[in-house]
Amino acid sequence: MLNFRNFDLMTFLYQLLALLIAFSFHEFAHALVADRLGDPTPRQQGRLTLDPMAHIDVVGFLLLLFAGFGWAKPVEIDPRNFKNRKWGDILVSIAGPLTNLIIALIAYTVLAFLSMSASFDNQIIANILWAIVGLNIGLAVFNILPIPPLDGYHVVKSLFFRYNVKFFWEFERYSFIVLIILIITGIIGRIMNPLMSLVINGMNVIVMALYSIFF
């Protein structure tokens, strides 16, 4: 998240680079899994690429850059092309956040190992890695929230839609209002912060385990 009171161009560039990486891999993961499960729609729409321009949603991009949470242009899929419609939709939905968490873990591990080296003093690389960690975790956590049109909602809907069709239709009608209220009141931050801390703690455990194995 950018702080305009202490705006720094280099910080902006670090976060911009990290944001492009997070968005591109998130949406590419959705498209790739859908394609592998038999749906040609993402490929036909040019979404099976890591080119950031194919995936950017302007509003979601600016929100993530300036507010710490946001979204990319959704990958359109046709679940009818999946052998198992419910589980195909679930796998496609979780592919994006899971990929962001993997990227964050890789960047965090590299940063941790570099920091343990007495000869490492490149602050630019450290800042870029921190930005990659933070924005990928933020994007993953935001997208697992069960609010339309986020990935978490698609998972919940795929699992429980047939049990209460009316509830889901009504919820989708007012979901944008719900999301705006959560953002304006700061509730969404109070939801996300503990989840992000939990992810970081989990990554610390993994990094320490790797360190004990290799050093």
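Tabulated values for the structure
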| quantity | calculated |
| --- | --- |
| Filter result for PHE82 (of a type in the set (A, V, I, L, M, F, W, C), in contact with a Gly (Cβ under 6 Å, 6 or more places away or on another chain) and over 24 Å from LEU62 (Cα atoms)) | yes |
| Condition met for ASN164 (in contact with a Leu (Cβ under 7 Å, 6 or more places away or on another chain), polar (S, T, N, Q) and within 30 Å of LYS86 (Cβ to Cβ)) | no |
| Among (1) in a helix (DSSP H, G or I); (2) more than 17 Å from the chain's Cα centre (by Cα); (3) crowded, with 21+ Cβ neighbours inside 10 Å - the single one ILE103 does not satisfy | (2) |
| Matching helices (runs of 4 or more DSSP H) fully within region 1-90 where at least 3 residues are under 19 Å from GLY152 (Cα atoms), within 21 Å of the chain's Cα centre (by Cα) and modelled with pLDDT of 80 or more | 9-36 |
| LEU145 part of a helix (DSSP H, G or I), within 17 Å of the chain's Cα centre (by Cα), within 18 Å of GLY96 (Cα to Cα) and not small (Gly, Ala, Ser) | no |
| Boolean, PRO97 is buried (at least 19 other Cβ atoms within 10 Å of the Cβ) and either in a helix (DSSP H, G or I) or not polar (S, T, N, Q) (or both) | yes |
| Some residue of region 120-136 being more than 19 Å from the chain's Cα centre (by Cα), surrounded by 13 or more Cβ atoms within 10 Å (Cβ to Cβ), not in a helix (DSSP H, G or I) and not aliphatic (A, V, I, L, M) | yes |
| Hits in region 190-203 - residues which are under 14 Å from GLY134 (Cβ atoms) and out of contact with any Ser or Thr (no Cβ under 9 Å at 6 or more places or on another chain) | MET192, ASN193, LEU195, MET196, SER197, VAL199, ILE200 |
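The values are calculated or read from the model by the stated rules, or taken from the named source; none is laboratory data. Computed from a predicted structure; not experimentally measured. With ideal geometry, Cβ positions are generated from the backbone for all residues, glycine too; neighbour counts draw on all protein chains shown.
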